[in-house]
Structure formats: structure tokens, C-alpha cells
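Have a look at the structure below before the remarks.
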Amino acid sequence: MTNSLFSLALQSVSTESEGGLFDFNATLPLMAIQILLLMVALNLIFYKPISQVLDERDESIRKQLTEASEMLMKAENITKQYELDLAQERREAQTIIASAQKGAQEIVALEIKQAQKDTEQLVTEATNQLNSQKEKALKALEEQVNTLSEQIKNKLISKQLVS
């Protein structure tokens, strides 16, 4: 069996010597021309449109990235401006609150002073009225004491005269 395989291999080598694997006759240039034509056809039909689509896609992506970065910069600028405006408004609000508190404290202080003056005036008036009533009461008592003393004196005198 090994002999038969060996003999078959020898027969195939002897038959291939005429039209072997690397036969350099007119088919080689034809194959080269076919390969070149296939490359040109593939280049025109397939590679150029695909490369054009990929280039357009790259251009679109770059454009979108540029626009996105510009929008991001604008958003950051707007955010910074908003933060500055917010800080300024807070400072203004704090100054307004401080001035309002100061004004309210001044008003309260004035009202307290006025209330103290009114209280002092009421106390003075009450003291004056009490003093006036006291003097009237003393005068009335003095008159009553005088009247009673006169009556006692008259009674004593009349008792002495009667006795």
C-alpha cells in the first residue's frame, strides 16, 4: 500500500511538470491585470465611498465636539456670572437687612425713650395730684381739728360756767 501511494505521488509530480503550481506563461500577467482591475473597481465602488462617509462622520464628530465645548464654556461663563450676581445680591440683601435692623433698633429706642418720658410725666402728674389731694386733705383735717377744738373749747367753757 505504501508503494502504491509513492507511485501515485511520482506520477503526479511527473504530470505537473508541464502545468505546475508556478507556471510563468501568459496567465501570470492576466492575473496581475485582473488583480489591478479588481483593486481599481473596489477602490471606486467600495473604499472611496466608505472613506468619504468615515471622513464626514469624523468631521461631524469634531464639529459636534467643538460645539459642545463652546456650549460648555458658555455654560461655565453663565454659571460664574450667576454666582457673582448671586453673591452681589446676597451682599446687598445683607446690607439692606442690617440697615433695616439698625432702623428698627433706632425706632424701638425712640419709642422706649418716649414711653419713659410718658411714664415719667404720668408719675409726675400722679405725684402732683397726690400732693394736691394730700394738701387738701390736710387742710380739711386742719379745719375739722379747728372746728372740733372750738367745739370742745366751747363745751368746756360752758361746763365751767354752768358749774
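The values are calculated or read from the model by the stated rules, or taken from the named source; none is laboratory data. Predicted model only: the values in this text are computed from it and were never measured. Glycine gets a Cβ as well: all are built from the backbone with ideal geometry, and neighbour counts include every protein chain shown. Each accessible area value is taken on the protein alone, full model and side chains, heavy atoms only, with ligands, DNA and RNA left out. Shrake-Rupley method; radii C 1.70, N 1.55, O 1.52, S 1.80 Å.
When Lys63, Lys48 are checked against the criterion of being modelled with pLDDT of 95 or more, surrounded by 10 or more Cβ atoms within 10 Å (Cβ to Cβ) and basic (Lys, Arg), a single residue qualifies: Lys63.
Whenever a residue of segment 96-116 is modelled with pLDDT of 95 or more, it has no partner that is not small (Gly, Ala, Ser) lying with C-beta atoms less than 9 angstrom away and at least six residues away or across chains. Out of curiosity, is Ala126 modelled with pLDDT under 95 and aliphatic (A, V, I, L, M)? Yes: the conditions hold for Ala126. Among the residues here, Tyr82 qualifies as at pLDDT 95 or above, open to solvent by 100 Å² or more (accessible area, probe 1.4 Å) and within 58 Å of the chain's Cα centre (by Cα). If only one of Thr124, Thr147 is among the β-branched types (Val, Ile, Thr), surrounded by 10 or more Cβ atoms within 10 Å (Cβ to Cβ) and either outside any helix (DSSP H, G or I) or over 60 Å from the mean Cα position of the chain (by Cα) (or both), which one is it? Just one listed residue meets the conditions, Thr147.
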